[in-house]
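Read through the structure below, which is laid out as C-alpha cells, and then see the notes.
The values are calculated or read from the model by the stated rules, or taken from the named source; none is laboratory data. Values in this document were obtained by computation on a predicted structure and should not be read as measured data. Here the Cβ positions follow ideal geometry from the backbone for every residue, glycine too, while neighbour counts run over all protein chains shown. Each accessible area value is taken on the protein alone, full model and side chains, heavy atoms only, with ligands, DNA and RNA left out. Shrake-Rupley method; radii C 1.70, N 1.55, O 1.52, S 1.80 Å.
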Amino acid sequence: MSKDLYSRYIDDDSWLIKEAQWVKELQNTRESQFALGNGYLGVRGILEEIPYQTKAGTYIAGVYDKLMAQVAELVNFPNPFNFKLMVSGEKLDVNAMDVVSHKRILNLRKAVLLRQTEYRNRKGHRFDYQSLRFVSMDNKNVGVMQIVVTPMDSGCVLDVNTGIDTSIYNTGTIAEGNKRHFRVSELGQSNNAGYLIAETLQKKYGIIYWAGFYYQMGAKKIYAKDNIFQLKVKKGQTVIFTKVVYISSHLGKKRNNLAKLKQAAFKKFNRSFHMGMEAMLNKHVKAWEKLWKIADVQIKGTTNIQQNLRFNIYHMLICGHDDSGFSSVGARTLSGEGYKGHIFWDTEVFMFPFYLYTRPQIAKNMLLYRYKRLDKAREIAKEQGYKGAMYPWESADDGDEQTPTWAKDINGKVVKIHTRSFEHHITADIAYTVYQYYRGTGDSRFMNQYGYEIIFEAARFWASRIELNKKKNWYELKNIIGPDEFHVDVDNNAFTNMLTKWNLIMAAKMYQRLKKTSPQAYTAVKKKIGLKNSESKQWKMIAVRLKPMRVDKGGVIEQFDGYFKLKNVIIRETDENGIPILPATASSKDMHKTQLVKQPDVVMLMYMLSEVFSKKTKRANYDYYMPKTVHKSSLSPSVSSIVASEVGDIFRAYHLFNVTLRADISDLYGNTREGIHAASLGGTWQAVIYGFAGTSIKKDKLQVNPRIPKTWNKIIFSFRWQECVFKFEVSNNVVQVKIFSAKRKEIELVVFRKTHLLRINKLYIFKREKKQRFGFYY
C-alpha cells in the first residue's frame, strides 16, 4: 500500500472512529455512522464509487415534500459526492474488484472522513485509492472531496465520471415504494463547472448546485472542463482529484427567480473553488475547534468510552442549526430518513439540554421553530375541538400533524398508529422546554416576544382538554398515551397529568409575574392572544383540582388508572447489554394487558420534575418500574440511567449509560442504517452531565454533586449558565471550577449541597467533607 497521504489527520485515537475492513453487510450502517454535516447540510458517509445497495443521502435542514407520500418527508437531494473510476472496463469498487485492504476513519475533532483502499483487478494489478471529505462548518453551503489514485503495478488509462448523481430517491414503505421528491429543471456546464437546478415536487423549495473539480499530476493543477473524461497515468504516478460543491436552497417567492440566484450562487461557489482545498480545510477545522472548546466532555480513565462519547457529541454538532426557526432537529438527525425526518418530543426533551448548556443559540432556534408553527398548533387544537395550541406528535416544515396512520411495531408487524390521537404530552413538553430556556439564559426578550405566548396557549389547550368528573369533583385527563406506548388510550396517565399540572401552574405564575414586572410586555401578549384575567385563575383552579395520583403504601405512583390491576409478567433474561428479553409468549398486541412498559413513564416524570419528588419517592418508583421496563425505545436507557444515578444505583446507571452510549456506534437497535438516534445522542450527554457529574438546576441555582463510576478518574466539561461559562473538573470528592463571563462579576454555585458565591476568572477547588465511594447503592 502507498504512503498514507492523510496521516496528519489520524494522530489521536481518542478522536477517531475506525472501520478496519470492508464488510458489505454493514454498508448502510456505516453510511449513517460516518455522516458529515454542519446543521444546514447533512450527507451520509457513502463510498464515493457508489457500490451496489448504497443509500446515498444529501439532506437540507427543514426542506420537506409530501407529494407522492403519505406524510411530508425530509427530501433526499441529488448526491454531489459521486466519483467513479474505471480501468479497462473494471470499476474501482469494493464490490467489483478484489479488496486487498481497506480502512476508513472519521476524525471527530476535525470532522473529516478519510479512506484508504487497495484494489486488485482481474489482471492482478493493484491500485492505491485514498480520499478525504468534509462538509464545511465555516461555509455552510460548501462540501469538498479529494480522491488520490496511484497505479502500483502498471500504467493505465483512468475513465473518470464525477457528475451530480440525480438517480436519488427517498426510501418508501412497501405500500408507497421509493419516490423522488425533486425534479431537475436545468442541468449543464458553465465556466468550467457543472450546475443543477431542481425543485421539490410541491414547488415549495428551489435548490441550486454548483460543482467543479481539478486534478493534479505533480505540481501542475488542471481545471477539468467536463466531468467525464479519460486520463493516462503511469505506474507509480499519483493523481489527485479535488471536487468542490456549493448547494443553496430557496423558499417561496425567491424560488421563482432561480436564474438570477444561479449566478449569485456561482460567484460564491467560485470564491470557494479558487480558494484552494487546504485553505478551505483550515477554516473548517478552526470552526470545529471553537465548537469542541465548549462541547467536549473528557472522561479520564477510559479510552473506549471517550471515543464513543465524542461520537455522540459530534453527531449533535453536525445537526444543530441556527436559521431563525426555519428548521429543527429530527428524530434521526440529518443522517438518514428514519421517521421521515420528522421532529418529535425527542428534540425538546433529549436534545435541547445539550444545546442549551453549550450552544444556546441553537436551543433558541429550536424554540423559534415551534413558535413559528404556533398558528398551525392553534388550528390543530381548533380542529380537535380544543382551545389554545395543540402541537402535533410529528412535525415537519409547516407544523401540521405528520404522524403516519400505519407503521411497523416492535415485532415488525404493520399496525395502526394511535400517537397522533392520544399522545398529547408533547404540548406540555414544549412549554416545559421554553421555561428551561428562560431559566438557563435569563432571555427575557425571547420570553416577551415568543415564550410567554407558547406557555399560555399550551395552558389554554390543557384547560380545554381536561374533563370535570362531577361525581368526584376533580378534573381528569382521559384517552391518553404517555411515553410508554404499549398502553394506548388510558386515563389519568401520571406523566401527562403531572406535566399538565406543571404547565397550568407555571402559566398562572408567569401571568402574574409578567403583569407585575413587565406591564408593557404583559399588555402586548394579552392583547395579541386575547387573554383574560379569568383564564389565569382557571388554570390554577384546574391544577389544584386535578385528580390526585394513586400512590400505594410503598410510595409507588400508579402509571395510569388500572395499571396496578394488569398482569405482572416477570422478565427472567437479559441480553449482553442488560436489556430485558421478552418471554417467547409475549406478543405486541397483548402488551397493553401487562405491566410491562416500553419506557417507564413514572421514572421519566421524576427525571423531568426532579425537584418535586424526594429521593425516597424516586427510589421506590425506580425499584418498582425498572424490572417492568423493556427499553424498546432509544429514549428509555438514558433517562433510566440518570434516575439510577440519582437514587444511588450506579451499577445499573453505568450499564444503561453504556446502552445509550453505544446505541448507534454498535447498532444496538438494528436500525442505525436509517439514521442516528437523536434521543440517544442527547440522552448520552445528559447521563454523563446530569447523572454521573451530578449537575442539576434546583431552586434556580446550578448545583454539582458528582457520583462517578469507580473506573473513571474525573470528568472535564463546560457548562453555560446565566451568561457564564463554567469550566468543571469533577471527581467524586473534588470539584474544581473556573467561571468566565463578560457580563457578570460573580454568581452562585451549589457544590456538595453548600451554596458559594464565586467570582469570575478565579479558580476554585471544593472538597467533599466526608469522602464517598459509590457502589450498587449509596
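Per-structure values
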quantity: Some residue of the stretch 391-400 being farther than 21 Å from A69 by Cβ and of a type outside the set (A, V, I, L, M); calculated: yes
quantity: Residue that is most open to solvent (accessible area, probe 1.4 Å) [pool: residues in the stretch 691-707 that are touching a strand residue (DSSP E or B) at 6+ places or on another chain (Cβ under 9 Å), at pLDDT 95 or above and in a loop (DSSP other than H, G, I, E, B)]; calculated: N705
quantity: Residues of the stretch 367-418 that turn out to be of a type in the set (S, T, N, Q) and at pLDDT 95 or above, as a count; calculated: 4
quantity: Unmet criterion (only one of (1) closer than 20 Å to Y129 by Cβ; (2) touching a residue at least 12 places away in the same chain (Cβ under 8 Å)) for G89; calculated: (2)
quantity: Flag if T574 is of a type in the set (S, T, Y) and open to solvent by 40 Å² or more (accessible area, probe 1.4 Å); calculated: yes
quantity: Lone unmet requirement of (1) in contact with a Gly (Cβ under 6 Å, 6 or more places away or on another chain); (2) more than 18 Å from Y452 (Cα to Cα) for Y369; calculated: (2)
quantity: Near pairs, Cβ below 9 angstrom, 6+ apart or cross-chain, from the stretch 485-511 (closer than 19 Å to V612 by Cα and without any contact (Cβ under 8 Å) to a residue 40 or more places away in the chain) to any residue that is of a type in the set (K, R) and open to solvent by 10 Å² or more (accessible area, probe 1.4 Å); calculated: I505/K540; K509/K540
quantity: Some residue of the stretch 537-547 being touching a strand residue (DSSP E or B) at 6+ places or on another chain (Cβ under 8 Å), exposed (fewer than 14 other Cβ atoms within 10 Å of the Cβ), closer than 30 Å to Q686 by Cβ and among the aliphatic types (A, V, I, L, M); calculated: no
quantity: So Q298, is it part of a helix (DSSP H, G or I) and either polar (S, T, N, Q) or within 11 Å of the chain's Cα centre (by Cα) (or both); calculated: no
quantity: Top-ranked residue of the stretch 217-248 - restricted to ones that are modelled with pLDDT of 95 or more and among the charged types (D, E, K, R), ranked as least open to solvent (accessible area, probe 1.4 Å); calculated: K243
quantity: Residues within the stretch 739-749 that are of a type outside the set (G, A, S) and surrounded by fewer than 16 Cβ atoms within 10 Å (Cβ to Cβ), tallied; calculated: 6
quantity: Residue among L281, L251, L291 that alone is under 27 Å from the mean Cα position of the chain (by Cα), within 21 Å of Y205 (Cα to Cα) and either at pLDDT 95 or above or exposed (fewer than 15 other Cβ atoms within 10 Å of the Cβ) (or both); calculated: L251
quantity: Candidate set: the stretch 1-23, residues that are of a type in the set (D, E, K, R) and at pLDDT below 95; chosen: the one surrounded by the most Cβ atoms within 10 Å (Cβ to Cβ); calculated: D4
quantity: Positions within the stretch 467-490 being open to solvent by 10 Å² or more (accessible area, probe 1.4 Å), more than 29 Å from the chain's Cα centre (by Cα) and not polar (S, T, N, Q), in sequence order; calculated: E467, L468, K470, K471, K472, W474, Y475, E476, K478, V490
quantity: One residue from S421, S464, S444 being within 30 Å of V569 (Cα to Cα) and either out of contact with any His (no Cβ under 7 Å at 6 or more places or on another chain) or open to solvent by less than 40 Å² (accessible area, probe 1.4 Å) (or both); calculated: S421
quantity: Index of the failed condition, V415 passing every other in (1) open to solvent by 40 Å² or more (accessible area, probe 1.4 Å); (2) within 17 Å of I481 (Cα to Cα); (3) under 24 Å from the mean Cα position of the chain (by Cα); calculated: (3)
quantity: Sole exception among (1) at pLDDT 95 or above; (2) more than 29 Å from K283 (Cα to Cα); (3) open to solvent by 60 Å² or more (accessible area, probe 1.4 Å) for K204, by number; calculated: (1)
quantity: Residue in the stretch 64-80 that is touching a helix residue (DSSP H, G or I) at 6+ places or on another chain (Cβ under 9 Å), small (G, A, S) and more than 25 Å from G212 (Cβ to Cβ) present; calculated: yes
quantity: Single residue of the stretch 567-601 satisfying the filter (touching a His at 6+ places or on another chain (Cβ under 8 Å) and among the hydrophobic types (A, V, I, L, M, F, W, C)) that is modelled with the highest pLDDT; calculated: V597
quantity: Filtered residues of the stretch 45-54 (kept if over 13 Å from A111 (Cα atoms) and either among the hydrophobic types (A, V, I, L, M, F, W, C) or surrounded by 20 or more Cβ atoms within 10 Å (Cβ to Cβ) (or both)); calculated: I46, L47, E48, E49, I50
quantity: Single residue of S680, S636 found to be more than 25 Å from G42 (Cβ to Cβ) and within 17 Å of the chain's Cα centre (by Cα); calculated: S636
quantity: Residues of the stretch 602-630 satisfying the condition of being open to solvent by 10 Å² or more (accessible area, probe 1.4 Å) and in a loop (DSSP other than H, G, I, E, B); calculated: L609, F613, S614
quantity: From V688, V639, V659, residue being free of Cβ contacts under 8 Å to residues at least 60 places away in the same chain, open to solvent by less than 10 Å² (accessible area, probe 1.4 Å), among the β-branched types (V, I, T) and not in a loop (DSSP other than H, G, I, E, B); calculated: V639
quantity: Number of the condition not met by N493 [criteria: (1) farther than 18 Å from S636 by Cβ; (2) open to solvent by less than 70 Å² (accessible area, probe 1.4 Å); (3) among the polar types (S, T, N, Q); (4) at pLDDT 95 or above]; calculated: (1)
quantity: Only one of T594, T517 that is open to solvent by 10 Å² or more (accessible area, probe 1.4 Å), over 23 Å from W462 (Cα atoms) and without any contact (Cβ under 8 Å) to a residue 12 or more places away in the chain; calculated: T517
quantity: Number of positions in the stretch 320-345 that are assigned to a loop (DSSP other than H, G, I, E, B), open to solvent by 10 Å² or more (accessible area, probe 1.4 Å) and out of contact with any helix residue (DSSP H, G or I) (no Cβ under 7 Å at 6 or more places or on another chain); calculated: 3
quantity: Among the residues listed as F486, F564, F560, the single one being assigned to a helix (DSSP H, G or I) and more than 30 Å from E453 (Cβ to Cβ); calculated: F564
quantity: Failed item in (1) open to solvent by less than 10 Å² (accessible area, probe 1.4 Å); (2) touching a residue at least 40 places away in the same chain (Cβ under 8 Å), with P580 passing the rest; calculated: (1)
